[in-house]
Amino acid sequence: MELVKRPDNMERITTKALADKFIDEQVAAVRAQVGDKQVLLALSGGVDSSVVAALLIKAIGKQLVCVHVNHGLMRKGESEQVIEVFGKQLDANLIYIDATDRFLDKLADVSEPEKKRKIIGAEFIEVFNEEAKKLQGISFLAQGTIYPDILESDGVKAHHNVGGLPEDMAMELVEPVALLYKDEVRVVGSALGLPDDMVYRQPFPGPGLGVRCLGAITRDRLEALREADAILREEFDKNGLAGKVWQYFIAVPDVKSVGVRDSKRYEGWPAIIRAVNTTDAMSATIEEIPYALLHHITDRITHEVEGINRVLYDLTPKPIGTIEWE
Ligand code: XMP
């Protein structure tokens, strides 16, 4: 990430017209910067890297090589959407790597949260690096750095960014949205034609479901978490909460309790709902979800998800609880 400063007089991009103007300027700037060379991008499917990908596809088409590493800790349907939108609709030069087994094997029996994060971060770099080495003659590396990343790079959330690349990858950076705030990146993404559920998606930590499948990750509990999380998202969408609640997800601890299903003893994990509002993620309040909806979500999760036999609602604001459990 390059440390650049946003000019004081730079207009906030709030409309399609302003976004189109920004896109035209950046398309010209990127073409001037990279000429006929190739550019590599780690495309996670998050808002920032997706917008950079769409912008660069517009500017340089197949000179952009997108690498999507599926670490097996994605939410339900996310890798599929990357393939659909970028591989098919935008006809990008997309390399898809399913590294699920590599990540989950490395994470087996590791229960300490910081260790898990380090393993996921290091493995990501390793996989990406291996791919980069296979490609010949790439001179540029595109990154979805946005302005808050620059402002926070020496602050509290520095540990959050998983994607750092090794020093020996001598590539010049291409960071077309580095001066934009998140809301502007979203306006630009919409103007580029990306689907709303990609552009307005809630934040998702780099280590993904890895920090929500608490303790040592197992495949069955991870799968239960992914399914329960998909139900929560579907119900929030349907009931108009998706745009109202800043971040919402399920965490599944490594604890079983006794329950009863089909008149038989049924031991399972609890699914913990977290739904918070915040402006900057430094502090957060708890959203008041209507009880009827909580009952409905509980009913669906306990009936539809194998391995879950209770649903809990986390009422803890930040501080004292962080937003994520790990
Ligand atoms: P916490 O748990 O620290 O989370 O209250 C604050 C916000 O940061 C997100 N988060 C991450 N984002 N990489 C990211 O890009 C990470 O490793 C990471 N860990 C937490 C979290 O989802 C919340 O929005």
Alpha carbon centroid spacing (whole Å) that separates segment 6-64 from segment 91-109: 26
Segment 256-326-segment 178-228 distance, computed between alpha-carbon centres (Å): 18
By average C-beta atoms within 10 angstrom, highest first, the peptides 26-33, 37-44: 37-44, 26-33
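Shape of the chain from its Cα gyration tensor (a ≥ b ≥ c, root eigenvalues): rounded if a/c is under 1.5, otherwise prolate when a/b > b/c, or oblate? All intermediate terms of the calculation are to be shown ahead of the outcome.
Values: a/c = 1.97, a/b = 1.58, b/c = 1.25.
Verdict is prolate for the chain.
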Over 24 Å between alpha carbons, listed pairs Lys88/Lys238; Lys182/Lys244; Lys5/Lys133; Lys16/Lys318; Lys58/Lys88; Lys21/Lys244: Lys88/Lys238; Lys5/Lys133; Lys16/Lys318; Lys21/Lys244
Packing-based ranking, highest mean first, of 287-294, 309-316 given that Cβ atoms within 10 Å are counted: 309-316, 287-294
Mean separation of Cα contacts under 8 Å (6+ apart) over length of the chain, as relative contact order %: 18
Reachable lysines, given that their alpha-carbon falls under 19 Å from the alpha-carbon of Lys115 and they are not under 8 places away in the same chain: Lys106, Lys157
Interchain or long-range residues, amide H under 5 Å from Tyr266's placed H: Gly259, Val260, Arg261
Highest-first arrangement of 49-56, 250-257, 211-218, where packing means the average Cβ count within 10 Å: 49-56, 211-218, 250-257
Most positive-pole-ward Cα, Leu135, Ala42, Pro195, against dipole of segment 16-199 from beta carbon charges: Pro195
Fraction of antiparallel bridges per DSSP, segment 212-313 only, in percent to nearest 5: 60
Taking segment 238-323 and dividing mean pair separation by its residue count, relative contact order in percent (alpha carbons under 8 Å, at least six apart): 31
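Values quoted throughout were computed directly from the atomic coordinates according to the rules given, and no laboratory measurement underlies them. Just so you know, these numbers come straight off a predicted model, no measurement behind them. Neighbour counts run over all protein chains shown; Cβ positions are idealised from the backbone, glycine included.
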